[in-house]
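Please read the structure below before turning to the comments.
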Amino acid sequence: MLAKLKVALLAAMLVGLNTAAVAADYYVDITNRTGYTIMYMYVSPAKSDSWEEDVLGKDVLPASETRRVNLTGYRSPIFDIRLVDEDGDKYTFWNVDVSEQDITVTLDDLDSD
């Protein structure tokens with residue numbers, strides 16, 4: 001009985017360690033060099049089929065400013081990022097490794113669609 005309890009306790013600890021190892025906190029600094037106010041900022045895991053909610057909420061990202069976006073509880077540092085400016089123009093960055101790079105968005109990054 002004691003051996004089974006030890007095995008069960010060890011298994012529970014390993015599951016806890018495994019969960020802690022896969023979930024992590026990241027951040028990305030996004031600098032707006034478009035000349036327009038960014039109204040919406042969507043950040044989703046790279047393998048997601050849809051965009052998550054707007055991380056700016058009621059805030060905006062004015063031209064020439066930088067905003068740090070905290071990303072908590074994700075399994076990977078690879079994200080897709082979509083910014084939408086005051087005119088509705090979109091700037092999409094695919095497969096961004098936020099553990100290695102930040103984003104500076106310019107008019108050159110405007111989506112072609």
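Remarks
- Members of region 56-66 found to be of a type outside the set (A, V, I, L, M, F, W, C) and part of a loop (DSSP other than H, G, I, E, B), listed by number: GLY57, LYS58, ASP59, PRO62, SER64, GLU65
- The residue that is modelled with the lowest pLDDT, among those in region 38-52 that are exposed (fewer than 14 other Cβ atoms within 10 Å of the Cβ) and of a type in the set (S, T, N, Q), is SER48.
- Scope region 86-113; condition of a type in the set (Asp, Glu) and in contact with a Gly (Cβ under 9 Å, 6 or more places away or on another chain); matching residues: none
- Residue count for region 32-53 satisfying the condition of being assigned to a strand (DSSP E or B) and either more than 18 Å from ASN95 (Cα to Cα) or polar (S, T, N, Q) (or both): 5.
The values are calculated or read from the model by the stated rules, or taken from the named source; none is laboratory data. It should be emphasised that the depicted structure is a prediction, and the values quoted were computed from it without experimental measurement. Heads up, the Cβs are rebuilt from the backbone with ideal geometry, glycines too, and the neighbour counts pull from every protein chain shown.
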